[in-house]
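Following: one structure in structure tokens, then a few remarks.
The values are calculated or read from the model by the stated rules, or taken from the named source; none is laboratory data. Computed from a predicted model, the values in this text were never measured in an experiment. Methodologically, a virtual Cβ is constructed for each residue, glycine included, from the backbone with ideal geometry; neighbour enumeration extends over all protein chains shown.
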Amino acid sequence: MNRIAEHPILGIPEKGKLVSFTLDGKEMQGYEGEPVAAALKAAGILKHRETSKLHLPRGIFCAIGRCTDCVMVVDGIPNTRTCVTPLKQGMKVQTQYGCSAEKKW
């Protein structure tokens, strides 16, 4: 199972209701209130962004909101730390390229 059972800061997650959200336009599901990064990991998605200079993939690293490896564009807001952002029904999550959702290279 890919689902995170215990978060180092948030503790053991309480499962909310099953909700739908999109990742780069693709419909996905997760549990309301769990970190967006946890829902993505449970779905097998490990790449959250690409670095602008070397185009390297990044994903969950610290899982406590201190680094920027898991940042994504969430509901139009870039640089959202998905490891501590609670999932909500209808969220629009996008892979981040450099500082935006638009791949410019």
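Before we move on, is residue 22 of a type in the set (S, T, N, Q), part of a loop (DSSP other than H, G, I, E, B), at pLDDT 90 or above and surrounded by fewer than 18 Cβ atoms within 10 Å (Cβ to Cβ)?
Spelling it out, it is not the case that residue 22 is of a type in the set (S, T, N, Q), part of a loop (DSSP other than H, G, I, E, B), at pLDDT 90 or above and surrounded by fewer than 18 Cβ atoms within 10 Å (Cβ to Cβ).
Of everything in the stretch 28-66, what is under 15 Å from residue 84 (Cα atoms), of a type in the set (Lys, Arg) and surrounded by 13 or more Cβ atoms within 10 Å (Cβ to Cβ)? Give them in sequence order.
If the condition is that a residue be under 15 Å from residue 84 (Cα atoms), of a type in the set (Lys, Arg) and surrounded by 13 or more Cβ atoms within 10 Å (Cβ to Cβ), then 41 is the only one that fits.
Quick one: in the stretch 73-105, which of the residues that are in a loop (DSSP other than H, G, I, E, B) and β-branched (Val, Ile, Thr) is surrounded by the most Cβ atoms within 10 Å (Cβ to Cβ)?
Per the criteria, the residue is 82.
Does the stretch 60-69 contain at least one residue that is in a strand (DSSP E or B) and either at pLDDT 95 or above or out of contact with any His (no Cβ under 6 Å at 6 or more places or on another chain) (or both)?
No.
Tell me which residues, restricted to the stretch 41-57, are within 17 Å of residue 6 (Cβ to Cβ) and of a type outside the set (Lys, Arg).
42
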